[in-house]
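Accompanying notes for the structure given below.
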């Protein structure tokens, strides 16, 4: 049964390569016989006897041409069976699998969110959703309502409209803007920032003494419940618990705070 041709070679090319190998073997045999004896050397097998001297030149020319063709075929075989290193690397199936894995990971981590954002958007339309892209310092809503209101003083002190408006729902953002005589939440923060006289103190407004219900889902905090120094009080915030923190879902401007009633000194 004949040996099948290697990948990348036709049956005819492989046959010529085998003939070339047999010719080389015979040529080595002839050279060895000539070195040992001056007598004519018989051809092996079915190969005809060595031709007469006057035909040697013509036949030698044909042999040389055939040898050149076989040499070219051998070169092609060698290139097919022993390609350069860079070709071996590019043909490596594990490299191909790794490349596809990287592509899949990139599509999953970057492409899918981009497609979701493009077709569905992330703007909330209900009172419990924020119409702004997350931009808070940790990428989430504040974890409790007191810190939410305290953060608003920090955002106003910095004139930070991106983070400041992110913590509002769409409805509350509109209410916040109207309460300060402008059209948008960002404009309201810009306006309030111009009224801040001491940004450092204003940004540190403390709400830690305010009591809150431990398991409440909503909470309202008025600026009359704590002391504000260095800028304007921000009014009344109503907040609702979300999966990722607390969201401002309602806002009204601050009515006049009640005047503390003086306590009479004890009588003796």
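The values are calculated or read from the model by the stated rules, or taken from the named source; none is laboratory data. For clarity, every value in this text was computed on a predicted model and none was experimentally measured. Positions of Cβ are generated from backbone atoms using ideal geometry, with glycine treated the same way; all protein chains shown enter the neighbour counts.
Pairing each residue of the stretch 24-40 that is assigned to a loop (DSSP other than H, G, I, E, B) with any residue that is at pLDDT below 75, provided the two are 6+ apart or on different chains, yields C-beta distances under 6 Å for 40/50.
For the subset of the stretch 224-248 comprising residues that are out of contact with any strand residue (DSSP E or B) (no Cβ under 8 Å at 6 or more places or on another chain) and in a strand (DSSP E or B), which member is surrounded by the most Cβ atoms within 10 Å (Cβ to Cβ)?
245
When 154, 135 are checked against the criterion of being modelled with pLDDT under 90 and closer than 16 Å to residue 248 by Cβ, 135 stands alone in meeting it. Of the residues making up the stretch 191-213, those that are in contact (Cβ under 8 Å) with a residue 40 or more places away in the chain and more than 38 Å from the chain's Cα centre (by Cα) number 11.
Assess whether residue 221 counts as being within 13 Å of residue 206 (Cα to Cα), buried (at least 17 other Cβ atoms within 10 Å of the Cβ) and touching a helix residue (DSSP H, G or I) at 6+ places or on another chain (Cβ under 7 Å). For residue 221, the condition - within 13 Å of residue 206 (Cα to Cα), buried (at least 17 other Cβ atoms within 10 Å of the Cβ) and touching a helix residue (DSSP H, G or I) at 6+ places or on another chain (Cβ under 7 Å) - is met. Report whether or not residue 216 is in a loop (DSSP other than H, G, I, E, B) and either within 43 Å of the chain's Cα centre (by Cα) or modelled with pLDDT under 95 (or both). Yes; evaluated as a whole, the condition is true for this residue.
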